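Note sheet for the following structure.
The values are calculated or read from the model by the stated rules, or taken from the named source; none is laboratory data. What you see is a predicted model, and the numbers here were worked out from it, not measured in a lab. Here the Cβ is made from the backbone with ideal geometry for all residues, glycine too, and neighbour counts use every protein chain on show.
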């Protein structure tokens, strides 16, 4: 549980750095902001199959929603154009 808290704080700090350094891109959607805050940048070595199902991002979270979240999250890679 403590590592989850540390990961969330790290992601929140990362978002703050993006904003303060004017890296914030105007075409990033609000849902992508939530994904960044909750999941951080997508990393295929860390974000393996089923990682979204371990999180509760929505009530009554379905497999279809988890697949959609996974696809959107894959677009969020550090250094990418988002």
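Table for the structure above
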quantity: Selection within segment 38-57 - in contact with a helix residue (DSSP H, G or I) (Cβ under 6 Å, 6 or more places away or on another chain) and in a loop (DSSP other than H, G, I, E, B); calculated: 40, 42
quantity: Flag if residue 60 is in a loop (DSSP other than H, G, I, E, B), modelled with pLDDT of 80 or more and in contact with a helix residue (DSSP H, G or I) (Cβ under 8 Å, 6 or more places away or on another chain); calculated: no
